[in-house]
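Report on the following structure.
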Amino acid sequence: MHWQRRKWTRAVPAEVDGIKRLRENTYFKFLPSDPRMCILADEGESQKSEGLKSNLLLRITRHRKEIVVKEILSVLAGILFIVGFVPYIRAIVRKETKPAKASWIIWASLDSITIAGMYAKDAVNGQIVGACLGAWVVVIFALKFGIPGWTKLDKFSLGGAILGIVLWQVFSNPILGIMVSLTVAFLGSIPTFASAWKDPTREDKLAWTIFCLSCVCAVIAIPQWTLEDAAQPITFFAIETIMMYLLYVPRVKTVL
């Protein structure tokens, strides 16, 4: 029986290293685990290899488009969040809205801790930037026009913010700061939830609706489902969803 001698080409180190670097990139995890799979190994399999390379290039192109779309949505989320503060601040000045001072001070402080932690993990997105800038502006107006008073929950929330910073520094882990800050941020929203429940007219519907649209864009734009990338958009989305329910869903009054 006659055996055809297989002619193997030697893998070029530069090509192998290049493919390995592509695999290390999060957006190219679909590449073969063995770099030699991307190199023509047999003259008789050239057509098959060409098909593999074409499919690979197609998938890379699609993934790059997905990345661009997510980046655009991330920027849009930040812009929407900033825009959402405009009618909210206007409503505060006109005394149409009475924000809870405690909630906004807590949100601004926790947003600052969150953005610092996300920056340390190279996971900053457009929404958290817009939220942090806008929150501190609202704090200035809330101190003058908002609902006064500090409750035990408010003090607890501020204590949680301090705890997040301490845990981050002690364990040198920014994710601890992010998670503690987001957890406390959600708890710190309870005074605003309670205020909206008692009197929905205290809050500006247009502003909160824009905030909610920003959250939708931010969730879609999540680049990776990791704690540093996904925790903040998901938490913000949960807060805005609750506010949408409190502001738009009519409550049935029970007659005794």
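The values are calculated or read from the model by the stated rules, or taken from the named source; none is laboratory data. Quick caveat, the model's predicted, so the values are computed rather than measured. All Cβ positions, glycine included, derive from the backbone under ideal geometry; neighbour counts span all protein chains shown.
Can you confirm whether residue 222 is assigned to a loop (DSSP other than H, G, I, E, B), out of contact with any Ser or Thr (no Cβ under 6 Å at 6 or more places or on another chain), modelled with pLDDT under 95 and surrounded by 17 or more Cβ atoms within 10 Å (Cβ to Cβ)?
Spelling it out, residue 222 is indeed assigned to a loop (DSSP other than H, G, I, E, B), out of contact with any Ser or Thr (no Cβ under 6 Å at 6 or more places or on another chain), modelled with pLDDT under 95 and surrounded by 17 or more Cβ atoms within 10 Å (Cβ to Cβ).
Filtering segment 83-115 down to residues that are small (Gly, Ala, Ser) and in a helix (DSSP H, G or I), which residue is surrounded by the fewest Cβ atoms within 10 Å (Cβ to Cβ)?
Filtering first and then ranking leaves 112.
Got a number for residues in segment 116-128 being buried (at least 21 other Cβ atoms within 10 Å of the Cβ) and assigned to a helix (DSSP H, G or I)?
Number satisfying all stated conditions: 5.
Going by what's in this entry, would residue 234 be described as β-branched (Val, Ile, Thr), in contact (Cβ under 8 Å) with a residue 40 or more places away in the chain and assigned to a helix (DSSP H, G or I)?
The answer is no for residue 234.
Given the conditions (1) modelled with pLDDT under 80; (2) more than 25 Å from the chain's Cα centre (by Cα), report the number of the one that residue 160 does not fulfil.
Here residue 160 clears every test but (2).
Return the only residue of 214, 195 being closer than 18 Å to residue 107 by Cα, among the hydroxyl-bearing types (Ser, Thr, Tyr), modelled with pLDDT of 90 or more and in a helix (DSSP H, G or I).
Answer to the check: 214.
I'd like to know if segment 190-210 contains one or more residues that are surrounded by 23 or more Cβ atoms within 10 Å (Cβ to Cβ), within 15 Å of the chain's Cα centre (by Cα) and at negative phi.
For segment 190-210, residues surrounded by 23 or more Cβ atoms within 10 Å (Cβ to Cβ), within 15 Å of the chain's Cα centre (by Cα) and at negative phi: absent.
From the set of residues in segment 129-157 that are surrounded by fewer than 18 Cβ atoms within 10 Å (Cβ to Cβ) and over 18 Å from residue 89 (Cα atoms), which is farthest from the chain's Cα centre (by Cα)?
So, considering only residues that are surrounded by fewer than 18 Cβ atoms within 10 Å (Cβ to Cβ) and over 18 Å from residue 89 (Cα atoms), the one farthest from the chain's Cα centre (by Cα) is 149.
So the check is Cβ under 7 Å with 6+ separation or different chains; which pairs have a first residue in segment 96-125 that's modelled with pLDDT under 80 and a second one that's hydroxyl-bearing (Ser, Thr, Tyr) and not in a loop (DSSP other than H, G, I, E, B)?
97/88; 100/192; 100/195; 103/192; 106/157
Somewhere in segment 58-81, is a residue among the aliphatic types (A, V, I, L, M), surrounded by 12 or more Cβ atoms within 10 Å (Cβ to Cβ) and farther than 27 Å from residue 125 by Cβ?
no
So, in segment 233-256, of the ones that are surrounded by fewer than 18 Cβ atoms within 10 Å (Cβ to Cβ) and of a type in the set (S, T, N, Q), which residue ends up modelled with the lowest pLDDT?
Among them, the one singled out is 254.
Could you identify the single residue in 211, 186, 193 that is touching a residue at least 24 places away in the same chain (Cβ under 8 Å), over 22 Å from residue 91 (Cβ atoms) and among the aromatic types (Phe, Trp, Tyr)?
Of 211, 186, 193, the one residue that is touching a residue at least 24 places away in the same chain (Cβ under 8 Å), over 22 Å from residue 91 (Cβ atoms) and among the aromatic types (Phe, Trp, Tyr) is 186.
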